[in-house]
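*Asks:* Below is a structure I'd like to ask you about.
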Amino acid sequence: MSKLLIGKLSDIDIRGSRTVRVKETEIALFRLEDGSVLAIENRCPHKGGLLSEGMVCGTVVHCPLHDWKVDLQSGLVKDPDDGCVMTFDTEIDPEDGAIYVTI
Amino acid sequence: MTVPKKLVLIGNGMAGVRAIEHLLKLAPDTYEITIFGAEPHPNYNRIMLSTVLAGSTELKDIIINDWDWYKENNITLHTNQSIKKIDTQRKVVISESGIEAPYDEVVIATGSKAFMLPIPGADKEGVIAFRDIQDCEKMFSAAKSYKKAAVIGAGLLGLEAARGLLNLGMEVTVIHKHPYIMERQLDEAASLMLRKELETQGMKFLLSKHSASITGRGRVKELQFTDGSHLATDLIVMAVGIRPNVDLAKSSGIDYNNGILVDDFMNTNIPHVSALGECVEHRGVAYGLVAPLYEQGAVLAKRLAGVETAGYAGSVTSTKLKVSGVDVFSAGRFVETEGSRAMRIQDDVAGTYKKIVIRNGKLVGAVLFGDTADGASLFASIKSGESIEGREKELLLGISSDLLGKSGGGASRLENMPDDEIVCGCNGVTKGAIGDAVLNKGCHTFGELKACTKASASCGGCKADIEGLLHFYAGDKVGESAKEGICGCTSLGRDEIVEQIQSMRLMTVKEVMHVLDWNNKEGCSKCRPSLNYYLGMLFPEEYVDEKESRFTNERYHANIQKDGTYSVVPRIYGGVTTPADLIKIASVAEKFNVPLVKFTGGQRLDLFGVKKEDLPKMWEELEMASGHAYGKTLRTVKTCVGNTFCRFGTQDAMAMGIKMEKAFERLNAPAKFKLAVSGCPRNCAEATIKDLGVVAIDGAWEIHVGGNAGVKVRACDLLTTVKTEEEVMEWTSAYLQYYRETGQWNERTAHWIDRVGLDTVKKALEKQEDRLALMERVQKALSVTTDPWKEIVDNDELRKNFEPIAGPLPV
Ligand SMILES: Cc1cc2nc3c(=O)[nH]c(=O)nc-3n(C[C@H](O)[C@H](O)[C@H](O)COP(=O)(O)OP(=O)(O)OC[C@H]3O[C@@H](n4cnc5c(N)ncnc54)[C@H](O)[C@@H]3O)c2cc1C
Ligand code: SF4
Ligand code: FES
């Protein structure tokens, strides 16, 4: 496990997302309305859709390909579908807005 | 407070879940309910599989209770979990994967199994039944790769399967062991008429044939018959009957015969174990239609709720063939035997046939072909067992039907129908119950009536009658009340939402969801884009578009492909380009290693396989406007060459098309829309299947609207014919704006026109002052649009979203 400095809060629009690649894994970072940042693996468990491109409603992202709904906190796919994606712990430095992800 | 008792239902099908629905109404908090279902789906309408197969309904539309329903009612649902045994000593049910659930009461509703002929080869690939969603999916996929299908069994199910396979484009042969089809539901005369009709539809029949074996390596290739003949086929659907599913009774020591044995209160021989549906045998009968099963469900629900009930005494059933395009109805004992008399009329010109069978002065059976309007009243008479002496002729000829030449046949039949007559056979809904729902419970739409009374909620065969009664009772009030919500987050319909936004001047998506009390405050991928559209449409100048409430394509201004790359389509007005532009596109494609360049159906160039981070760079080099090939906006204006070069051309189609594309580019709308202009009625630009198509005729222009070439082709309707180019622009502007203002988000013009009616549209655009007002509003909406590609290229803050974050640093 290692903690990585990914970027700063202003890199991501509110209710928007950015991606970052760490070795083999592409991670999607979402900045929610409440200011928090959540990170998940950028791959829909259905057919590999890029979740970073999906619409975020609350803490749920809708996959752009077939509208599967993935909870950003738990990584679990919502009913009626089934599956999960990896989630990563995030931390934000309240001083300078730096975003850290633990991988 | 008492602790709720544990109720376990085995079988997530039509009969069991209906009983639960009933129970929840009678005794909401009495039971803690757990349901096990062997299929992976929530409770769906099995009957409609026929309609799904025939292509007129989609799988997603046949769900009766969706996942939320289980949650809302605190029901624990285990799908994909087959129960293998009930331990009646310990009072637990045990699933195949080992889940155990204790019960105080358990209900078995495992339905039936399709009977598969035990002939050699019946286990080959491509030999299936017609029972569940999975079977339907197998037929869909077989139809994609294979041509020939055989259906064994010409009963209701077999013919519905055959009709569906025909619709899927397969060659279908129906094999039947009897000399005439549907012999259990029809007499010989009606059966013959039906066969002729189906033959003209392209169905082939092999009658008096017994199947002997199935051959083929791995997959079926041939069906052999006992007489030595054979039939080449790629798919075999066996529809030779069903057998009550008694597996659980066998493994758990519950008495069964053909089906699981139950008394009039749905008790089996073991205390606290009940059963209902197709898996049971009641007074020697196992039923295969939903109406009796629903009656059983009502009795069981009452018993479990502790409400008094007289018990279930058995049912008389009636049948209808659903999807063949011909109406067939039969009920009761329709074959005359000693002691009964039959009366019939047959009209080979109109293709109708009617037979009634009378015994001891009472109606005991009926068969109808071609015109089944009297089915319900005849069925009511059979069930009531009333004397019909002296009225036989009247019944045969139809009470006050068109046959007697009276005016308003259909309506007056409904009017004269007694209150206790059952209109919806599946759900046992009487005319009186419909009246009550309309007059006292405020149901003013078909959907509400269906939700409230369940009428027409199963096979849908009575829809016309229910709609007729709705008009009869509600008169002008039809359709007045609340429509279904636009999505699961709200119960409000599109019109109410737009009206509220306007009157309260709500200005953001969030505000709308908040003020209008969304039950899901965050919204979903359906309502957020809708609201974003409605707000922009209502307040073009004030509203700030929310890109977070738009789909990927509209956020990145390119079409996302299945591998996560995008496609780029530059604007080429009217499909007319120049060598210089082509060179530019070609060199950009080369520079960025675009793997595929293709002309689209709308005469544009599409560059596929572009990485997201390359998009802004390509746009920058192209220096062309966005072709908007991704949005709910104007896509393309397709043109023919017109009188510039073509010898038939009457007008300058290219110039007209370019003018239109320049005028309306970037205009957003409820859904994408495509235009076209043809220079003469030969219509090379295919203008009459567009959202709006202009066709030049000598000295004038025709404007056609509401066309679509998608899944279901809809040809345009002619809106008007005008003289000048200015008028074309005026009508087009007015039409598009009227669509923008009244369409539901994601509703193409073809559906919109069908919903609001061509006449409504014509009327709205009839007066020039109205057209000009609409035109002014569309101009306003257009005036605030900008080219999105240019905007992104010039703005680093927007551009950053196309790039990954620079890189992780360890800390
Ligand atoms: C194509 C088609 C068309 C039809 N058309 C009509 C029509 O027009 N009119 C009409 O009245 N009827 C029609 N029917 C019949 C009607 O659908 C059935 O009568 C009705 O669905 C029976 O309800 P049920 O609940 O008894 O069984 P089902 O609806 O079959 O439900 C039983 C469920 O239990 C599940 N199950 C079985 N064993 C287990 C186990 N051990 N553990 C857990 N789950 C189990 C099954 O997977 C199934 O989902 C049609 C049927 C078909 C297939
Ligand atoms: S539609 Fe008429 S004018 Fe246009 S190309 Fe075809 S034939 Fe020529
Ligand atoms: S790939 Fe995500 S929903 Fe299909």
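*Asks:* Got a number for residues in segment A:1-27 being assigned to a strand (DSSP E or B) and within 7 Å of another protein chain (Cβ to nearest Cβ)?
*Replies:* Residues that pass the stated criteria total 10.
*Asks:* Which of (1) in a loop (DSSP other than H, G, I, E, B); (2) touching a strand residue (DSSP E or B) at 6+ places or on another chain (Cβ under 9 Å); (3) closer than 19 Å to B:GLY461 by Cα is the odd one out, the single condition B:ALA373 does not satisfy?
*Replies:* Failed condition: (2).
*Asks:* Condition first: surrounded by 23 or more Cβ atoms within 10 Å (Cβ to Cβ) and either away from every other protein chain (no Cβ under 12 Å) or closer than 28 Å to B:LYS659 by Cα (or both). Now tell me which residues in segment B:532-550 satisfy that.
*Replies:* Those that are surrounded by 23 or more Cβ atoms within 10 Å (Cβ to Cβ) and either away from every other protein chain (no Cβ under 12 Å) or closer than 28 Å to B:LYS659 by Cα (or both): B:TYR533, B:TYR534, B:LEU535.
*Asks:* Out of all the residues in segment B:58-81, is one or more in a strand (DSSP E or B), more than 15 Å from ligand 1 (Cβ to nearest atom) and either surrounded by fewer than 17 Cβ atoms within 10 Å (Cβ to Cβ) or under 28 Å from the mean Cα position of the chain (by Cα) (or both)?
*Replies:* No, there is no match, as no residue in segment B:58-81 is in a strand (DSSP E or B), more than 15 Å from ligand 1 (Cβ to nearest atom) and either surrounded by fewer than 17 Cβ atoms within 10 Å (Cβ to Cβ) or under 28 Å from the mean Cα position of the chain (by Cα) (or both).
*Asks:* Out of segment B:110-164, which residues are assigned to a loop (DSSP other than H, G, I, E, B) and among the hydrophobic types (A, V, I, L, M, F, W, C)?
*Replies:* B:PHE115, B:MET116, B:LEU117, B:ILE119, B:ALA122, B:ALA129, B:PHE130, B:ALA154
*Asks:* Show the residue pairs meeting these rules: Cβ distance below 8 Å; 6+ apart or different chains; first residue within segment A:62-81 and facing chain B (nearest Cβ under 9 Å); second residue surrounded by 18 or more Cβ atoms within 10 Å (Cβ to Cβ) and hydroxyl-bearing (Ser, Thr, Tyr).
*Replies:* Correct list of pairs: A:HIS62/B:SER525; A:PRO64/B:THR552; A:ASP67/B:SER525.
*Asks:* Is it true that A:THR90 is farther than 21 Å from B:TYR566 by Cα and in contact (Cβ under 8 Å) with a residue 60 or more places away in the chain?
*Replies:* It is true that A:THR90 is farther than 21 Å from B:TYR566 by Cα and in contact (Cβ under 8 Å) with a residue 60 or more places away in the chain.
*Asks:* Could you please find all residues in segment B:679-713 being part of a strand (DSSP E or B) and either without any contact (Cβ under 8 Å) to a residue 40 or more places away in the chain or under 18 Å from B:LEU765 (Cβ atoms) (or both)?
*Replies:* B:LEU692, B:GLY693, B:VAL694, B:VAL695, B:ALA700, B:TRP701, B:GLU702, B:ILE703, B:HIS704, B:VAL705
*Asks:* Out of the residues in segment B:245-283 that are part of a strand (DSSP E or B) and in contact with an Asp or Glu (Cβ under 9 Å, 6 or more places away or on another chain), state the one that is farthest from B:ILE83 (Cα to Cα).
*Replies:* The selected residue is B:HIS282.
*Asks:* Tell me which residues, restricted to segment B:572-602, are within 22 Å of B:THR639 (Cβ to Cβ) and in contact with a helix residue (DSSP H, G or I) (Cβ under 6 Å, 6 or more places away or on another chain).
*Replies:* B:TYR573, B:GLY574, B:VAL576, B:VAL597
*Asks:* I need a count of the residues in segment B:304-316 that are within 19 Å of B:TYR31 (Cα to Cα) and either free of Cβ contacts under 8 Å to residues at least 12 places away in the same chain or surrounded by 21 or more Cβ atoms within 10 Å (Cβ to Cβ) (or both).
*Replies:* Matching residues across segment B:304-316 total 2.
*Asks:* Let me ask something additional. Among all residue pairs at least 6 apart or on different chains, which show Cβ distances below 8 Å where the first residue, located in segment B:37-51, is charged (D, E, K, R) and the second is buried (at least 23 other Cβ atoms within 10 Å of the Cβ)?
*Replies:* Qualifying pairs under 8 Å: B:GLU39/B:ASN12; B:ARG46/B:GLY13; B:ARG46/B:MET14.
*Asks:* Can you name the residue in segment B:551-572 that is farther than 17 Å from B:ARG799 by Cα and basic (Lys, Arg) and is also farthest from the other protein chains (Cβ to nearest Cβ) among such residues?
*Replies:* B:ARG571
*Asks:* Only one of (1) under 12 Å from B:ILE486 (Cβ atoms); (2) surrounded by fewer than 21 Cβ atoms within 10 Å (Cβ to Cβ) fails for B:VAL512. Which number is that?
*Replies:* Of (1) under 12 Å from B:ILE486 (Cβ atoms); (2) surrounded by fewer than 21 Cβ atoms within 10 Å (Cβ to Cβ), only one is false for B:VAL512: (2).
*Asks:* Give the residues of segment A:33-53 that are crowded, with 16+ Cβ neighbours inside 10 Å, more than 8 Å from ligand 3 (Cβ to nearest atom) and either outside any helix (DSSP H, G or I) or among the polar types (S, T, N, Q) (or both), sorted by residue number.
*Replies:* Within segment A:33-53, A:VAL37, A:LEU38, A:ALA39, A:ILE40, A:GLU41, A:ASN42, A:ARG43, A:LEU50, A:SER52 qualify.
*Asks:* Could we say that B:ILE86 is assigned to a strand (DSSP E or B), without any contact (Cβ under 8 Å) to a residue 12 or more places away in the chain and of a type outside the set (S, T, N, Q) here?
*Replies:* No: the conditions fail for B:ILE86.
*Asks:* To continue, here is another question. Determine, yes or no, whether B:THR490 is closer than 30 Å to B:ALA671 by Cβ and touching a Phe, Trp or Tyr at 6+ places or on another chain (Cβ under 7 Å).
*Replies:* yes
*Asks:* In addition: Take the residues of segment B:309-333 that are in contact with a Lys or Arg (Cβ under 7 Å, 6 or more places away or on another chain) and at pLDDT 85 or above: which is nearest to ligand 3 (Cβ to nearest atom)?
*Replies:* B:VAL328
*Asks:* May I pose another question? Can you name the condition, by its number, that A:PHE30 falls short on among (1) more than 9 Å from every other protein chain (Cβ to nearest Cβ); (2) surrounded by 15 or more Cβ atoms within 10 Å (Cβ to Cβ); (3) not in a strand (DSSP E or B)?
*Replies:* With (1) more than 9 Å from every other protein chain (Cβ to nearest Cβ); (2) surrounded by 15 or more Cβ atoms within 10 Å (Cβ to Cβ); (3) not in a strand (DSSP E or B) applied to A:PHE30, the lone miss is (3).
*Asks:* On to the next question. Condition first: at pLDDT 95 or above and closer than 24 Å to B:MET48 by Cα. Can you find one or more residues in segment B:220-235 that meet it?
*Replies:* Yes, the conditions are met somewhere in segment B:220-235.
*Asks:* Now a separate question. Give segment B:662-700 a look and list any residue that's buried (at least 24 other Cβ atoms within 10 Å of the Cβ) and over 30 Å from the mean Cα position of the chain (by Cα), or say none.
*Replies:* B:ALA676, B:VAL677, B:SER678, B:GLY679, B:ALA685, B:VAL694, B:VAL695, B:ALA696, listed by residue number.
*Asks:* Could you tell me which of the residues B:GLU125, B:GLU137, B:GLU105, B:GLU160 is touching a His at 6+ places or on another chain (Cβ under 6 Å) and under 30 Å from B:PHE36 (Cα atoms)?
*Replies:* Just a single option satisfies the conditions, and that option is B:GLU105.
*Asks:* Still on this model: So, in segment B:156-209, how many residues would count as being buried (at least 18 other Cβ atoms within 10 Å of the Cβ) and of a type in the set (S, T, N, Q)?
*Replies:* So the answer is 3.
The values are calculated or read from the model by the stated rules, or taken from the named source; none is laboratory data. The structure presented is a predicted model; accordingly, all values stated were derived computationally and were not measured. Every residue, glycine as well, gets a Cβ built from its backbone with ideal geometry; the counts of neighbours run over all protein chains shown.
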